[in-house]
Amino acid sequence: MKINELRKLLLSDDLYHLTTTNKSNGWCGCASFSPSIDNWIKVFEGAGDGSDDKEMTFSEFIQNYDYVLEREEL
């Protein structure tokens, strides 16, 4: 599934989420798409205080992260 399709799915159905793995340091986290800014994603990883979180374009995200679409079971 292409990144723009993932964005539409995640913004329309809150049972889905995107888990991430940073290719350079192995940190696991999750990602959130901006509902108002196209081609923009935020990755939550590392320190719990948000100091390691990153915002980036889709192309930067694809270059630097592996990701898996997961669906929460009720």
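The values are calculated or read from the model by the stated rules, or taken from the named source; none is laboratory data. These numbers come from a predicted model, not from an experiment. For neighbour counting, all protein chains shown are included, and Cβ atoms are generated from backbone atoms with ideal geometry for every residue, glycine included. These accessible areas exclude ligands, DNA and RNA; they are computed on the full protein's heavy atoms, side chains included. Shrake-Rupley method; radii C 1.70, N 1.55, O 1.52, S 1.80 Å.
For the reader, a short list of remarks on this structure follows.
- Taking the C-alpha atoms only, the angle from helix 3-12 to the longest principal axis of the chain is near 70 degrees.
- Cα-centre dipole for the chain with unit charges at Cβ (Lys and Arg positive, Asp and Glu negative), debye to 20: 260 debye
- Accessible area of the chain divided out per residue, in Å², using a probe of 1.4 angstrom: 66 Å²
- Cut-off of 10 Å, at most 11 other beta carbons, DSSP loop: longest stretch of the chain lacking such GluC sites (Glu not before Pro): 1-71
- Qualifying aspartates and glutamates (Cα of each under 12 Å from Cα of LYS42; at least 8 residues distant if same chain): ASP52, ASP53, GLU55, GLU60
- Between LYS23 and LEU11, the distance separating the two model label sites (each 7 Å from Cα on the Cα→Cβ line) works out to 2.5 nm.
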